[in-house]
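First up is the structure itself, then whatever we jot down about it.
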Amino acid sequence: MATTFPRLLLFDLDGTLLDSAPDMVATVNRMRTARGQPPMPLAQLRPHVSKGSRAMSAAAFPELGGEVSGAMIREFLDIYEQELGRSSVLFDGVVELLDAIEADGARWGIITNKPEYLAKQVIPQLGWDTRSAILLGGDTLAERKPHPLPLLHAAEQLGAAIEDCVYVGDDQRDIDAARAAGMRSVVALWGYRDEGELPDRWGADAMAETPGDLAAPGFWARLR
């Protein structure tokens, strides 16, 4: 079989493979309800999802001026664990993309900044616990993205040369981590970001409008 994909594709999770925004919005709206505040719409909170619990909490409570306490982060994570997987769905085309990667004899794995204990609950729900070659959370190692350590560690653990790896993510931290690791990168344009963010300035090797683009004939040939 002719090689179509890089030998190892590493993916961010939230905003790249999984549309987890509904779960996270439900989380912060429960926090707002507990404080007597009305719910916020998905569209208003969605751009902050990839930036994690602190950014979501700050967006949900703008009156805090970005000063989110450790107690509020713990509250978010406790409620989010209850909401985990209730409303999230895979982005269109992800199932077919992962099937195509495996059919090509390549491997794929997940490197997320989501806490490992939460990521480990999500993956079995998706049936990926026996398919993903590696899963690294934001607290698995001493550093998290945008530091390159998780990407370098994944390649080392899987015996993959850096030049045979590509990292795919929807946030600038993903691309910064890949560049620092010397790894090629692709921006997932279907993910979460503010209108003011300019992914064409992040320095990625390519950008993809949909997951299906990554399986399109010739996409990876342009990156070689």
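A short reminder: the numbers here are calculations on the coordinates, not readings from a lab. All figures in this text were calculated on a predicted structure; none of them were measured in a lab. No Cβ is skipped: glycine too gets one built from the backbone with ideal geometry, and neighbour counts run over all protein chains shown.
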**Message:** Rounded to two decimals, what is the ratio between the C-alpha radius of gyration of the range 178-224 and 2.2 N^0.38 Å?
**Reply:** 1.20
**Gain in span if fully extended, residue 156 to residue 205, counting 0.36 nm per residue against the direct Cα distance** = 15.5 nm
**Taking N as its residue count, the alpha carbon Rg of the range 21-83 over 2.2 N^0.38 Å** = 0.96
**Message:** Show me, for the range 44-49, the HN-Hα J-couplings you get by feeding each phi into the Karplus relation (A = 6.51, B = -1.76, C = 1.60, θ = phi - 60°), rounded to Hz, glycine and proline as x.
**Reply:** 6, 9, 3, x, 9, 4
**Asked** Normalized C-alpha radius of gyration of the chain, against 2.2 N^0.38 Å?
**Response** 1.01
**Request:** Considering the convex hull of the alpha carbon atoms of the range 116-172, report its projected area averaged over all viewing directions, in nm², one decimal.
**Result:** 4.5
**Request:** For the range 90-219, report the translational diffusion coefficient in µm²/s to the nearest whole number, using Stokes-Einstein at 37 °C, 0.692 mPa s, and a Kirkwood Rh over Cα pairs.
**Result:** 216
**Complete:** Fewest-first ordering of 20, 69 by Cβ atoms within 10 Å yields 69, 20
**Message:** Please give the Cα centre distance for the range 129-202 versus the range 46-123, rounded to the nearest Å.
**Reply:** 14
**Item:** Residue-span extension gain [residue 71 to residue 189] - 0.36 nm each, minus C-alpha spacing
**Value:** 39.2 nm
**Fill in**
the range 1-117: relative contact order from alpha carbon pairs under 8 Å, six or more residues apart, as a whole percent, is 44
**Prompt:** Among 192, 167, what is the fewest-to-most ranking by other Cβ atoms within 10 Å?
**Reply:** 192, 167
**Request:** Report the residue, chosen from 199, 38, 148, that carries the largest GNM mean-square fluctuation when the chain is represented by alpha-carbon nodes joined by springs under 10 Å.
**Result:** 38
**Asked** Ordered by residue, what ³J(HN,Hα) values in Hz, to whole numbers, does the range 89-98 give under the Karplus form 6.51 cos²θ - 1.76 cosθ + 1.60, where θ = phi - 60° and Gly and Pro are x?
**Response** 9, 6, 5, 4, x, 5, 4, 5, 5, 5
**Message:** Between 0 and 90 degrees, rounded to the nearest ten: what's the tilt of helix 172-181 against the longest Cα principal axis of the chain?
**Reply:** 40
**Message:** Multiplying the sequence separation of residue 133 and residue 92 by 0.36 nm and subtracting their Cα-Cα distance, what value in nm do you get?
**Reply:** 12.6 nm
